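Input: a single structure, listed below in structure tokens.
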Amino acid sequence: LLIRLMQSLCEFRKGDPRTVILPPRLSQLPGILFHLRRSGAIRTSGTSPDLTAAFRLLASTLSVYNTLVLVQPTLLGYDAGRMHAGGVPLPLDGRSITPDRSLLLDSFRQVILCHSRQMVEAERGKNCPAEVKALFAAARADMAKLEAERFPAPEVIECEQYGSKARYLTQKLHSDVPLDEFLRGLYKAVVS
């Protein structure tokens, strides 16, 4: 269905996947459908029928924006070198995890703040740089803001890279098929 829809709405040259041009209003559609098929609304293996029903009920009662966050979580990165900009949006990909970055993942039901081990060691050190303190303060403030404005209240997790709770973040970022590989296959099917 997605392939047929894109064939009818996109511009492309037959046989060349690099020429696929999505209309601006549809630019997010392939990514949303990619994350929708991985969400609790569609993928029910490994979850109880009660959790699946709760996920679907929650999705049907939320605003459009909150439903999109539930289906396709947002990821912000906090780099010590870019503190003036605050959190920078990052792709939901394992390559977003770097040794000098804190990540804030908002999946509506969970808000996860994961600090890299290098940043945590710098904060625990005797001479913690001011930029690291500011980075942690900005990330924690954004996490508290998300928690305060959300109903129902999300599960809030603050962890460090390679810690036991970091698995919640890595589970969201390491998919069986990365988004860029999915898009390459989709574009190849669209132009064939």
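Residue pairs whose Cβ atoms lie under 6 Å apart, separated by 6 or more positions or on different chains, with the first residue in region 49-63 and open to solvent by less than 60 Å² (accessible area, probe 1.4 Å) and the second in a helix (DSSP H, G or I), are ALA59/THR67; ALA59/LEU70. Here is a check on your reading of the model: is ALA153 under 21 Å from PHE34 (Cα atoms) and of a type in the set (Gly, Ala, Ser)? So ALA153 does not fit the description; no. Counted as qualifying within region 85-187 are the helices (runs of 4 or more DSSP H) with 1 or more residues that are among the β-branched types (Val, Ile, Thr) and surrounded by fewer than 17 Cβ atoms within 10 Å (Cβ to Cβ), namely 167-173.
Within region 108-150, which residues are charged (D, E, K, R), in contact with a Phe, Trp or Tyr (Cβ under 9 Å, 6 or more places away or on another chain) and more than 15 Å from GLN161 (Cβ to Cβ)? Walk me through how you get there before you give the answer.
At the first step, the residues of region 108-150 found to be charged (D, E, K, R) are 109, 117, 121, 123-124, 126, 131, 133, 140, 142, 145, 147, 149-150.
Filter again for in contact with a Phe, Trp or Tyr (Cβ under 9 Å, 6 or more places away or on another chain), leaving 109, 117, 123, 142, 150.
Residues satisfying the conditions are ARG109, ASP142, ARG150.
Given the criterion in contact with a helix residue (DSSP H, G or I) (Cβ under 6 Å, 6 or more places away or on another chain) and either among the charged types (D, E, K, R) or under 16 Å from ASP93 (Cβ atoms) (or both), identify the matching residue among GLU147, GLU160, GLU181. Steps first, please.
Values: GLU147 fails: in contact with a helix residue (DSSP H, G or I) (Cβ under 6 Å, 6 or more places away or on another chain); GLU181 fails: in contact with a helix residue (DSSP H, G or I) (Cβ under 6 Å, 6 or more places away or on another chain).
Selected residue: GLU160, the only one of GLU147, GLU160, GLU181 that is in contact with a helix residue (DSSP H, G or I) (Cβ under 6 Å, 6 or more places away or on another chain) and either among the charged types (D, E, K, R) or under 16 Å from ASP93 (Cβ atoms) (or both).
Give the residues of region 23-42 that are open to solvent by 40 Å² or more (accessible area, probe 1.4 Å) and within 19 Å of PRO178 (Cβ to Cβ), sorted by residue number. SER27, GLN28, LEU29, ILE32, LEU33, LEU36, ARG37, ARG38, ILE42, listed by residue number.
For the structure I just gave you, tell me whether THR67 is modelled with pLDDT of 90 or more, more than 12 Å from the chain's Cα centre (by Cα), more than 18 Å from LYS188 (Cα to Cα) and outside any strand (DSSP E or B). Break it down stepwise before answering.
Details: modelled with pLDDT of 90 or more: yes; more than 12 Å from the chain's Cα centre (by Cα): yes; more than 18 Å from LYS188 (Cα to Cα): yes; outside any strand (DSSP E or B): yes.
Yes; evaluated as a whole, the condition is true for this residue.
State which residue is surrounded by the most Cβ atoms within 10 Å (Cβ to Cβ) when the search covers only region 1-19 and only residues that are assigned to a helix (DSSP H, G or I) and among the hydrophobic types (A, V, I, L, M, F, W, C). That would be MET6.
Among the conditions (1) at pLDDT below 90; (2) more than 28 Å from THR98 (Cβ to Cβ); (3) not acidic (Asp, Glu), GLY81 misses just one, which is (2). Look at region 28-46: where a residue is among the aliphatic types (A, V, I, L, M) and a partner is open to solvent by 60 Å² or more (accessible area, probe 1.4 Å) and outside any loop (DSSP other than H, G, I, E, B), sitting 6+ places away or on another chain with Cβ atoms under 6 Å, you get ALA41/ARG56.
Among the residues of region 64-84, just one is without any contact (Cβ under 8 Å) to a residue 12 or more places away in the chain and surrounded by 15 or more Cβ atoms within 10 Å (Cβ to Cβ), namely THR67. Residue by residue through region 148-192, note down the ones that are hydroxyl-bearing (Ser, Thr, Tyr) and within 17 Å of the chain's Cα centre (by Cα). Across region 148-192, the qualifying residues are TYR168, THR170, SER175.
Kindly indicate whether any position in region 46-59 is assigned to a loop (DSSP other than H, G, I, E, B) and touching a strand residue (DSSP E or B) at 6+ places or on another chain (Cβ under 8 Å). The answer is no; no qualifying residue exists.
The values are calculated or read from the model by the stated rules, or taken from the named source; none is laboratory data. What you are looking at is a predicted structure, and each value in this text was computed from that prediction instead of being measured. Heads up, the Cβs are rebuilt from the backbone with ideal geometry, glycines too, and the neighbour counts pull from every protein chain shown. Ligands, DNA and RNA are excluded from the accessible area calculation, which covers all protein heavy atoms including side chains. Shrake-Rupley method; radii C 1.70, N 1.55, O 1.52, S 1.80 Å.
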